[in-house]
Structures are given as C-alpha cells and as structure tokens.
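This report refers to the structure that appears directly beneath it.
The values are calculated or read from the model by the stated rules, or taken from the named source; none is laboratory data. Please read all numbers here as calculations on a predicted model, not as lab measurements. Glycine gets a Cβ as well: all are built from the backbone with ideal geometry, and neighbour counts include every protein chain shown. Protein only, heavy atoms only, side chains kept; ligands, DNA and RNA dropped before computing areas. Shrake-Rupley method; radii C 1.70, N 1.55, O 1.52, S 1.80 Å.
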Amino acid sequence: MNKDTQPYAFRRHLRRCKYFGRGGRDVRLDKCQCPFHVEGKHHGLRVRQALNTRSRRLAERRLTALLRKLDEQRQLEEQTDEATSLNPRDPRTLPWAAERFLKSHGAINPDGGYHGDIERSSFRKYQTKLNLLSSFCDREGISELVDVNLDVLEDYRGSRHVEPVTWKVELQALRTFFGYCVSHKWITVNPAREMKSPRNIKPNEVVPYTLHEEGEILAACDRIGGTKYKRSMAVYERLRARGMVLLLRHTALRISDVCTLPSGDTQNRPSADT
C-alpha cells in the first residue's frame, strides 16, 4: 500500500478467510464479511485503526466522521498555537485553563448538540464545577492559575454549603482538572490532591414521599413522550412506567432490578392498574 494516500476503508481479512494474505486488499469488498479497517495519511498524520464494523456503508460513515474529527482537532490546535504565539508571556488564567480543559474533552455545538470524548453528563459536571470555582476566584480577585493554592481551595470549600457526598464528587472533578494543568506544566503541583477527601460519609436520611408527591409521580407517568404522541409504543411506555412506580411503592426492590424485570409479550403488557 502507498502510505502517502488518503485514508481509505478496506477489509482486513481474517486468517480463516480465503482472501487472507498478499493481494487481499485488492479483492472486491463484497466477496467476504471480514471487518473493516482504515489506513492512510491525513494532513501528514498517519491514520491506522479498526472501524469496528463489517458493513461497508457503516464503515464509510465512520471514516467520514473520523476525518471530520481529525480536522476539528487540527483546527483547534492551530487556533491554540496562534493564541499562544501572540501572547507568549501572558499568565495562565483560571478561566483560560478551564476553557482549554473543557475543549480537550468536548464541545457544545451552536445548535445545542454535543460531541466529545466523554459523556455529555460528565462534560456538564466539569463545566458546572469549574464555573463555580471561577466565580468564587473572581469574587476574591484571583485570576492567575498559579495563585489557586490549597488555601484558596479551603476557602472555596467553606463557601460551598453542600453535603459531604456532593463535595467529594466536586473535589474529584477539581483533582482531574488540576491534574490536566500539571501535565501541561502550567502549574507544578495539584492543590486539589492536597485536600483530604471526606471519609466515613453517612448515607442520607431516607424520607418517604408524601401522598401528594406519589400522586404527582404517577401523573407524570401519563405524560411520558408528550401527550401528542398517540402511537401504541408510547402508550406502552407510560403504562410500563406506571407499573414500575407502583411496584417500587410496595416492594423493597432496587430501581436497577425493577428496570431489568421482563415485561412479557405484547399481549401480557401491564395495564394501568397493575
């Protein structure tokens, strides 16, 4: 194969395939069902990986998505290099570092969509925690990243009126962020790692729902999918949700156990009174 060609999808023949060996890549793609791989160079970057599919159509879509992602990363690196060259001596600020950290994991599209290497829920968690820390430092007149030390984080902890369980999750997010900053040599130590994590955390007190709250939960089951959807599957989802709520109300099962209970065939689906 010419290693200077653009990345392209090909079947990587397995040993049990009759086309395995020299010349296998020249065989027509419809001759076997071996998995697809991609290889080539994209803007000087060597691309070589599995596409995790045996479908030609899906392989082409994944190759296109991969090249688009590489273009986005290349554009982001060029913008970062340009910004660094224009201000080589500017101090690293906390908001700037937080923005770089978030961009390294994902981004929110203008249309509200999300793309990234982590789940959207994790991205939002990091975004929320860093916004809270940045707001606190802004009120305290702290802007440079190197000024965020253990004393600042202790004062920040004192301003957060949250339960130990919540703070433990927040502290872990801060440790991940400052670890990212250390790896980029913007700071020398991770101040969040110097803070002790809460121990011997007692579980929250179990407070049962009131009858009024139970009624609201059951009423919400009838609004799943929106009332405008009249398809049979939407109706089934509402009935199933109602049945799950009533089952949880009268049993000690965990929610994960209830979700995995078999619902039977379509003729034995739960009614609203089950």
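Checking each residue in the range 102-130 for being out of contact with any helix residue (DSSP H, G or I) (no Cβ under 8 Å at 6 or more places or on another chain) and in a helix (DSSP H, G or I) picks out 120, 121, 122, 124, 128. Listed conditions (1) assigned to a helix (DSSP H, G or I); (2) over 24 Å from residue 75 (Cβ atoms) are all met by residue 60, apart from (2).
Does the range 120-136 contain any residue that is over 30 Å from residue 48 (Cβ atoms) and at pLDDT below 90? Checked against the condition, which is being over 30 Å from residue 48 (Cβ atoms) and at pLDDT below 90, the range 120-136 yields at least one hit. Which one is least open to solvent (accessible area, probe 1.4 Å), of the residues in the range 109-128 that are within 21 Å of residue 96 (Cβ to Cβ) and not aliphatic (A, V, I, L, M)? Among those that are within 21 Å of residue 96 (Cβ to Cβ) and not aliphatic (A, V, I, L, M), it is 123. Of all the numbered requirements in (1) open to solvent by 60 Å² or more (accessible area, probe 1.4 Å); (2) within 14 Å of residue 97 (Cβ to Cβ), residue 154 misses one, and that requirement is (2).
Applying a threshold of 8 Å to beta carbon distances and a minimum spacing of six or more residues, or different chains, the list of pairs starting in the range 93-120 at a residue that is without any contact (Cβ under 8 Å) to a residue 40 or more places away in the chain and among the β-branched types (Val, Ile, Thr) and ending at one that is surrounded by fewer than 16 Cβ atoms within 10 Å (Cβ to Cβ) and in a strand (DSSP E or B) reads 108/114.
Scanning the range 5-19 for residues that are open to solvent by 100 Å² or more (accessible area, probe 1.4 Å) and out of contact with any strand residue (DSSP E or B) (no Cβ under 6 Å at 6 or more places or on another chain) returns 15, 16, 18.
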